[in-house]
Amino acid sequence: MNAGREPASRYGLALLARRDYSRQELIERLCRRGYSAAEAADAAAELAASRALSDERYAAERVRGRVAQGMGPVRIVVELRAKGVSAEIIAAALAPEEGAWAARAAAARTKRFGMAIPEDRRERARQARFLQARGFRHEDIIFAVDAQQD
């Protein structure tokens with residue numbers, strides 16, 4: 001550690017005070033700040049031991065936020081994997097939402113395109129592409145595009 005510079009764990013805690021980070025994301029931020037990889041990894045381990053850093057909490061918060069934005073499970077999984085969150089933690093974070101994805105896809109379609117069910121193939125394909133870009137699964141897209149909205 002350089003003289004006159006705050007410890008990596010203190011800087012990491014300051015970052016975590018603003019928002020949650022995944023372990024990998026925090027290590028990358030610390031390395032960009034000029035800390036060595038070993039210092040960053042040690043700081044992350046120390047913060048995780050004190051429960052200030054938690055991939056489980058980060059994943060749950062990220063899932064809630066992305067669901068509120070109308071995103072589907074495929075996109076959420078890809079984003080969390082890119083942030084270094086393990087598959088087991090992702091599955092646990094998505095578990096409370098399981099079973100509601102078709103309804104969420106229908107709500108996202110209705111919010112964007114209105115209540116009218118698409119009549120022609122071109123409009124159905126356009127709406128399906130929209131939902132696919134949002135990260136919904138094929139079966140959820142079929143439900144949302146084909147379902148009669150009451």
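The values are calculated or read from the model by the stated rules, or taken from the named source; none is laboratory data. Predicted, not measured: the structure shown is a model, and the values here were computed from it. Every residue, glycine as well, gets a Cβ built from its backbone with ideal geometry; the counts of neighbours run over all protein chains shown.
The test for being without any contact (Cβ under 8 Å) to a residue 60 or more places away in the chain and part of a loop (DSSP other than H, G, I, E, B) holds for residue 35. All conditions but one from (1) at negative phi; (2) at pLDDT below 95; (3) of a type outside the set (D, E, K, R) apply to residue 82; the one that does not is (2). Scanning region 38-55 for residues that are in a helix (DSSP H, G or I) and of a type in the set (Gly, Ala, Ser) yields 38, 40, 41, 43, 44, 45, 48, 49. Going through region 59-76 one residue at a time, which ones are in contact with a helix residue (DSSP H, G or I) (Cβ under 8 Å, 6 or more places away or on another chain) and either over 14 Å from residue 24 (Cα atoms) or assigned by TED's automatic domain parsing to the domain that holds residue 28 (or both)? Selection gives 60, 62, 63, 66, 67, 70, 72, 73, 75, 76.
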